[in-house]
1. Do we have Arg250 as in a strand (DSSP E or B), open to solvent by 10 Å² or more (accessible area, probe 1.4 Å) and of a type in the set (D, E, K, R) here?
2. Would segment 205-222 turn up any residue that is aliphatic (A, V, I, L, M), open to solvent by 70 Å² or more (accessible area, probe 1.4 Å) and at pLDDT 95 or above?
3. Assess whether Leu127 counts as being in contact (Cβ under 8 Å) with a residue 40 or more places away in the chain and in contact with a Lys or Arg (Cβ under 9 Å, 6 or more places away or on another chain).
4. If Pro95 satisfies all but one of (1) open to solvent by 30 Å² or more (accessible area, probe 1.4 Å); (2) touching an Asp or Glu at 6+ places or on another chain (Cβ under 8 Å); (3) at pLDDT 95 or above, what's the number of the condition it fails?
5. Can you list residue pairs whose Cβ atoms sit under 9 Å apart, with the first residue in segment 192-221 being aromatic (Phe, Trp, Tyr) and the second being in a loop (DSSP other than H, G, I, E, B) and open to solvent by 60 Å² or more (accessible area, probe 1.4 Å)? Count only pairs 6 or more apart in sequence or on different chains.
6. So, Pro56, is that one open to solvent by 30 Å² or more (accessible area, probe 1.4 Å) and within 20 Å of the chain's Cα centre (by Cα) or not?
7. Can you give me the number of residues within segment 257-278 that are free of Cβ contacts under 8 Å to residues at least 40 places away in the same chain and assigned to a helix (DSSP H, G or I)?
8. Strands (runs of 3 or more DSSP E) wholly in segment 1-59 with at least 1 residues that are touching a Ser or Thr at 6+ places or on another chain (Cβ under 8 Å) - which ones?
Amino acid sequence: MTSWRTVVAQPDQLGESPFWHPLERKLYWVDIPARQIRRVDPSDGRAESWPMPSEPGCIAPLHGGGMAIALRDGIYRAAGWGAAPVLVARFAHDPRTTRFNDGKADPVGRFWAGTMYEPRDARRAELYSIDLRGGDTPVIEVKATNAVIANGLAWSPDASVVYWADTANHVIHAWDWNAQSNAMHHRRVFQQFAPKPEGWQPGDSGYGGRPDGAAVDVQGNYWCAMFEGGRLLKFSPAGALLAEAPLPVRCPTMPCFGDDDLRTLYVTSATHNRSAEELRALPQSGCVIAARVDVPGLPVNFVST
């Protein structure tokens, strides 16, 4: 992964939630502060944007077509590209201070989405699962709490482990998970990273970033984007560091595996609140970048209704 190519040259403010749609053969992702869902056909590089009424934290494809969308105040679904989002469930959080962030579908078709507490001075973020298979009334469960920024959601290939990160606290947790009952137990720290040193500035040494979005490959390895660290880290299921991939951006946000063989690693990134000096030095910041890998990733999970 020494050669990263630019897939979409138009930079995002905060690209997130990428997934490869195997039927459409397109890459989808969101630009959260720009209030857009985006997609591209990598074969020709033509990117499209779909405006949203508020910030889209995460997205996932629906079985039969369409998309599940976590907007600032709740979960929506849309019948297809460009269709109006229809509210599925609204939540009790105050949308003035809290919005949905990272999420995706689980291996049996539930939609999971976590929140982030924007003042970042209290652990008020939560992780929800939203089961739409029961008809008009979704089954909503709170799966984890006591976080500031929900990120890093992923499942092991055998659907026995779920991962979830709290970016602000530099930690990734893991739980044993029963796919059918949706029960989580045996919570443990999968990775704990050193906090940002006081007074640290971009370009300084001594800080490796904090865990943002993640993806898992077919061997069960957990790939994590390290925001402000300019790198991806690859951990074994046991938590051993297997590889570190330097990136041409300081703030990667989330990887996903794509293309027909699921051996292209796509990475979204951010320009939001980054200095002009940094953006001049790292001109691929905010762009979707990609590189080929040896081990394929897991395919995207679809939301069932």
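The values are calculated or read from the model by the stated rules, or taken from the named source; none is laboratory data. A quick note: this is a predicted structure, and the numbers were derived from the prediction, not measured. Glycine also receives a Cβ, built like all others from the backbone with ideal geometry; neighbour counts cover every protein chain displayed. For the accessible areas, the whole protein counts, side chains as well, though only heavy atoms, and no ligand, DNA or RNA atoms are used. Shrake-Rupley method; radii C 1.70, N 1.55, O 1.52, S 1.80 Å.
1. Against the criterion (in a strand (DSSP E or B), open to solvent by 10 Å² or more (accessible area, probe 1.4 Å) and of a type in the set (D, E, K, R)), Arg250 does not qualify.
2. Yes, segment 205-222 has at least one match.
3. No, not satisfied.
4. (3)
5. Trp200/Gly206; Tyr207/Ala194; Tyr207/Pro195; Tyr207/Lys196
6. So Pro56 fails the test.
7. So the count comes out to 2.
8. So the answer is 15-21, 26-31, 36-41.
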